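Read-outs throughout are calculated quantities, based only on the coordinates presented, and are distinct from any laboratory measurement. Note that the structure is a prediction, hence the values are computed from the model and not measured. Cβ placement follows ideal geometry from the backbone for every residue including glycine, while neighbour counts extend to all protein chains displayed.
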Amino acid sequence: MRESDVKQHLGLLAWYAAMGVDEAIGEVPIDRFAEPTTPAPPANSEAKPKAQAQATPQTQATPKTPPKAERKATAPLSTTAPEPKLDEITTLAELAEAAAAFDGCPLKRTAKSTCFARGSTEAKVMLIGEAPGRDEDLQGKPFVGRAGKLLDKMLSAIDLDETSVYITNTIYWRPPGNRTPTTQEIASCAPFLTRQIELLNPEVLVLLGGAAAKSMLETTEGIMRLRGKWKPYRSKDRDIPALATLHPAYLLRSPEAKRYAWRDLLMLKERLSAPQES
Ligand code: URA
């Protein structure tokens, strides 16, 4: 390959990286520079009779049918798929299956897996984050990467763990390059999250970060104003107390803010140990 071609390809890769592309979508690489297996048609091939031109075999570089992974990335998502009747779903396991089969969130096109939840389906505490990241997408579970490890440590500091909490996100599919999900993307998953909350029926909700707090509390206020206060979240016929706090990924970038998160954790602990109102 010529030096100028190499430079051009490196430039393209750098541009992809700057746009947030950090992995190949296809499972099988496609060599777009491969030599065709049949000789290229002669320069005057336009003069060929139509039937003969159509009979020219497809080359390896331009397969008739794109590989499965490529089809997945380009095929339009069905917009006519019937909405699942979420009210008729009575268990979180069934809801997880319905979410995995749901084609109404465009992020599903580029994600590897559906990250529905992790933790106990008997939990009193439900945590809602923003969106799965790379590790979550690879493992198919929310909060299993660096932010998840910090979250587990924060929970353990107030004697909580996967057996006593249930963790999910406002959306179930990783946005490309970990960008913030759009309001439309959050809205497309919202009916599932609403039903998820109804089925778990937790005592309290913990909203991790601004995106989750704003969408769940239907406000445009910033996380620094929202955090550290119990606010009602309306679920069917009852209000569930919801506490917004700082996102663990933010705490990794700004460790000096951990003191606020600690105060919020203590508020959560206090609430959980207070005698229940009847
Ligand atoms: N950040 C989130 O908001 N959710 C995850 O699952 C992981 C990182």
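Beyond 30 Å between alpha-carbons counts as too far, so tell me which of 141/269; 85/141; 108/229; 141/214; 112/269 fall in that bin.
Where the Cα-Cα span goes over 30 Å, the pairs concerned are 108/229; 112/269.
Grab the Cα-Cα distance for residue 221 and residue 238, subtract it from 0.36 nm times how many residues apart they are, and report the gain in nm with one decimal.
Numbers: separation 17, 0.36 × 17 = 6.12 nm, distance 2.35 nm.
Extra length from residue 221 to residue 238 when fully extended: 3.8 nm.
Residue 109 versus residue 263, label points 7 Å from Cα toward the beta carbon: distance in nm?
4.4 nm
If I model a spin label at residue 8 and residue 163 as a point 7 Å from the Cα along the Cα→Cβ vector, what separation in nanometres do I get?
Computed distance between label sites residue 8 and residue 163 equals 6.1 nm.
Please work out how much length the chain gains when fully extended from residue 199 to residue 230, using 0.36 nm per residue of separation minus the C-alpha to C-alpha distance, in nm with one decimal.
Once the chain is fully extended between residue 199 and residue 230, it gains 9.0 nm.
Specify whether the C-alpha gyration tensor of the stretch 200-278 places it in the rounded, prolate or oblate class, a ≥ b ≥ c being the square roots of the eigenvalues: rounded for a/c under 1.5, otherwise prolate if a/b is larger than b/c and oblate if not.
oblate
Report, by chain and number, residues whose modeled amide H sits under 5 Å from the one on residue 160, excluding near sequence neighbours (fewer than 5 apart, same chain).
The answer is none.
Spin-label point model (7 Å from Cα, Cβ direction): what's the residue 180 to residue 254 distance in nm?
The modelled label-to-label distance comes out at 1.2 nm.
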